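Chemist: Handing you a structure now.
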Amino acid sequence: MLPIAKLIAFIIGHLPLCLVRVLGKALGRIAFRFDKRHAKTALENMTLAYKGSLSEDAMTTIARGVFENLAITGLEFMRIPWLTKTGLNGYVEFKGIENLERALERKKGAILFTAHFGNWELMAAAYGLSGFPIDIVVRELDSPVAEAFTAWVRIASGNRLVEKNRSMRKLIKTLSVNGIAGILLDQNVADVEGVFVDFFGTSACTNKGPALLAQMTGAAMLPTFIVRHGKGHTIVVGEQVELIDTGDKHADAIENTARCTKIIEGQVRAHPEQWFWVHRRWKTRPSKAVNREP
């Protein structure tokens, strides 16, 4: 099955970009119409997030755009194995890459945190192709074929994969040699894995690992997002996040996670149609002992 998947990727990956966008947009609209479960989740999430500040029609328009973005992203994913540094010209541009270069001058490594936003897979590939290979934290897929295919695409640009459940030790090693770790910080986690921080005015259980990793290693934490616009994409590398260090490891992890989450929220508010609203971000709810120290 893997060779067949690669053949399909080869065919789709060599279609003209204009056709990919048209086809993806059409597939996204079809998915929005028939995938009632995820469409409902997206609308429920927006209702919770915007708290009446957006009309139902506006939220429906955003949700449709989310499905279109995801469909185009899926087709663009097939292009990654054949993408070259030269191929990024006119397709993907960087803004703020000097922020990452400045962070690496400290020789303590860098943690790039981002969200399921725009075409996040293309962003990782662009970093690798541009001479900034990343150790990407991933969760293994249930299907062996899907996992093998996805891993093949992700490492094609020179990046390395780190399985989520065994990531901390490997990332510490990466940062110790001034490497770069890439972590998605916008998904719901179990309360034993995360801390509750504000996200769109509602407590959201968020992975505390990146904040703890930065505290342990002294690595810089920088936000990065890829924004889809017209025919191309812009990767924005933000300035290093100012982290607190009071000596209270648990309290610091909460505050630093909150600061990163607020940055993600700002990006989602700016381009809501490019975020992964179909995920149940607020699924884990706090108990009475919120953010208790383990």
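Chemist: Filter the range 218-234 down to the residues that are part of a strand (DSSP E or B) and either over 13 Å from the mean Cα position of the chain (by Cα) or within 25 Å of SER167 (Cα to Cα) (or both) and list them by number.
Modeler: Those that are part of a strand (DSSP E or B) and either over 13 Å from the mean Cα position of the chain (by Cα) or within 25 Å of SER167 (Cα to Cα) (or both): ALA220, MET221, LEU222, PRO223, THR224, PHE225, ILE226, ARG228, HIS229, GLY232, HIS233, THR234.
Chemist: If you don't mind, there's one more thing I want to ask. Consider only pairs whose beta carbons are under 6 Å apart and that are at least six residues apart or on different chains; among these, list those whose first residue lies in the range 128-157 and is closer than 17 Å to PRO81 by Cβ and whose second residue is among the charged types (D, E, K, R) and loosely packed, with under 14 Cβ neighbours inside 10 Å.
Modeler: Correct list of pairs: LEU129/LYS85.
Chemist: Then there's this: Condition test on ALA110, is it among the small types (Gly, Ala, Ser) and more than 22 Å from ALA211 (Cα to Cα)? Explain how you work it out, then say what you get.
Modeler: Numbers: among the small types (Gly, Ala, Ser): yes; more than 22 Å from ALA211 (Cα to Cα): no.
In short, no.
Chemist: Now a separate question. Identify, by number, the condition in (1) among the polar types (S, T, N, Q); (2) part of a loop (DSSP other than H, G, I, E, B); (3) farther than 21 Å from GLN267 by Cα that GLN215 doesn't meet.
Modeler: (2)
Chemist: Residues that are within 28 Å of PRO3 (Cβ to Cβ): list the helices (runs of 4 or more DSSP H) wholly contained in the range 95-187 that include at least 2 such residues. Walk me through it before giving the result.
Modeler: Details: elements: 97-104, 120-129, 144-155, 167-176.
Where helices (runs of 4 or more DSSP H) fall fully within the range 95-187 and carry at least 2 residues being within 28 Å of PRO3 (Cβ to Cβ), they are 120-129, 144-155.
Chemist: Of all residues in the range 48-81 being β-branched (Val, Ile, Thr) and within 15 Å of TRP275 (Cβ to Cβ), which is farthest from the chain's Cα centre (by Cα)? Write out each step before concluding.
Modeler: Residues of the range 48-81 that are β-branched (Val, Ile, Thr), as a first pass: 60-62, 66, 72-73, 80.
Filter once more, keeping what is within 15 Å of TRP275 (Cβ to Cβ): 61-62, 66, 72-73.
Details: THR61: 22, ILE62: 19, VAL66: 14, ILE72: 16, THR73: 12 Å.
This residue is THR61.
Chemist: While we're here: Please go through the range 49-87 and pick out each residue that is closer than 16 Å to TRP282 by Cα and surrounded by 14 or more Cβ atoms within 10 Å (Cβ to Cβ).
Modeler: ALA49, TYR50
Chemist: Going by what's in this entry, would GLY158 be described as modelled with pLDDT of 95 or more, crowded, with 17+ Cβ neighbours inside 10 Å and of a type outside the set (Val, Ile, Thr)?
Modeler: Answer is no for this residue.
Chemist: For the condition touching a helix residue (DSSP H, G or I) at 6+ places or on another chain (Cβ under 7 Å) and either farther than 26 Å from ASP35 by Cα or modelled with pLDDT of 95 or more (or both), what is the one hit in ASN99, ASN119, ASN89?
Modeler: Working: ASN99 fails: touching a helix residue (DSSP H, G or I) at 6+ places or on another chain (Cβ under 7 Å); ASN89 fails: touching a helix residue (DSSP H, G or I) at 6+ places or on another chain (Cβ under 7 Å).
Only one candidate qualifies: ASN119.
Chemist: Follow-up question, since we're still on this one. Counting just the residues of the range 1-46 that are surrounded by fewer than 17 Cβ atoms within 10 Å (Cβ to Cβ) and β-branched (Val, Ile, Thr), which one comes out farthest from GLN274 (Cα to Cα)?
Modeler: ILE4
Chemist: Just one of (1) surrounded by 22 or more Cβ atoms within 10 Å (Cβ to Cβ); (2) touching a Ser or Thr at 6+ places or on another chain (Cβ under 8 Å); (3) farther than 26 Å from VAL66 by Cα; (4) not polar (S, T, N, Q) trips up LEU129, so point out which.
Modeler: Result: LEU129 fails condition (1) only.
The values are calculated or read from the model by the stated rules, or taken from the named source; none is laboratory data. Please read these numbers as outputs of a predicted model, since none were measured by experiment. With ideal geometry, Cβ positions are generated from the backbone for all residues, glycine too; neighbour counts draw on all protein chains shown.
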